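Following: one structure in structure tokens, then a few remarks.
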């Protein structure tokens, strides 16, 4: 298999963080840079999918793909990434996951889908994580209708693909930042004894 393109999904409104989620400071750098560093460590080519009005930091050597303005739904970013990838697999990661690791992302990229249209992370306590997975080119057509509708929960839609599940045992790796409280918790984790860093 050819190496997939790594894609950060950054099209969310970030309303619970007051907007501009990608720019939220965490550990001395913008939130998006933590997941970006992990993705860069896993694959050779990285892009960001975001709305046209999404505020992003200046990031050298990173392509930005601007997804359709409506609807606001994570599937829009996944489908748009698959279109832009032009027949290549897409390794997607939400931009608000500061503790995701290059090792996990590389393992997802290398996992055999066994005929499924995607390999998607899952965990015992958090369940299916559809914004962390490797999607085959054919997944775009399978997800397109739900993406256009923009109302069905992304977990339901991706579950319907019958993806290969990739078990993640460390819940911290799947931590995502949606609110000011989450951001404060992430700061505490970064400063903690485990020495987690982006």
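Where a number appears in this text, it was derived from the coordinates with a stated rule and is not lab data. If you're wondering where the values come from, they're calculated on a predicted model, not measured in any experiment. Note: ideal-geometry Cβ built from the backbone for every residue, glycine included; neighbour counts use all protein chains shown.
Considering all C-alpha pairs of the chain, those separated by over 28 Å amount to 18%.
Among DSSP bridges having both ends in the chain, what percentage is antiparallel? Round to the nearest 5.
Numbers: 12 of 29 bridges.
That works out to approximately 40 percent antiparallel.
Counted by neighbouring Cβ atoms within 10 Å, the residues 170, 86, 96 run from fewest to most as 86, 170, 96. If you take the Cα centroid of the range 53-91 and the Cα centroid of the range 114-176, the two points sit 16 Å apart. Report D for the range 1-113 in µm² per second (integer): Stokes-Einstein, Kirkwood Rh on Cα pairs, 10 °C, 1.306 mPa s. Stokes-Einstein gives a translational diffusion coefficient of 113 µm²/s.
Extension gain for the segment residue 60 to residue 145, taken as residue separation times 0.36 nm less the Cα-Cα distance, is 27.2 nm to one decimal. Listed by Cβ neighbour count within 10 Å, with the fewest neighbours leading, 91, 26, 59 appear as 59, 26, 91. The relative contact order of the range 5-188, computed from alpha carbon pairs under 8 Å that lie at least 6 residues apart in sequence, is 26 percent.
Show that you can apply the helix-only estimate: for the chain, add -39,500 (n - 2.57) for every DSSP H stretch of four or more residues, divide by all residues, and state [θ] at 222 nm to the nearest 500.
On the way: 6 runs with 61 residues, N = 198.
Here the helix-only value at 222 nm equals -9000 deg cm²/dmol.
Under the simplified labelling scheme, the residue 110-residue 29 pair shows an inter-label distance of 2.4 nm, with each label point 7 Å from Cα along Cα→Cβ.
Under the 0.36 nm per residue contour assumption, what length would be gained going from the current alpha-carbon distance of residue 70 and residue 169 to full extension?
Details: separation 99, 0.36 × 99 = 35.64 nm, distance 3.49 nm.
Gain in length upon complete extension: 32.2 nm.
Within the range 66-180, all pairs of alpha-carbon atoms sorted by distance into 5 Å bins from zero give the percentages 2, 12, 23, 25, 21, 12, 4, 0, 0.
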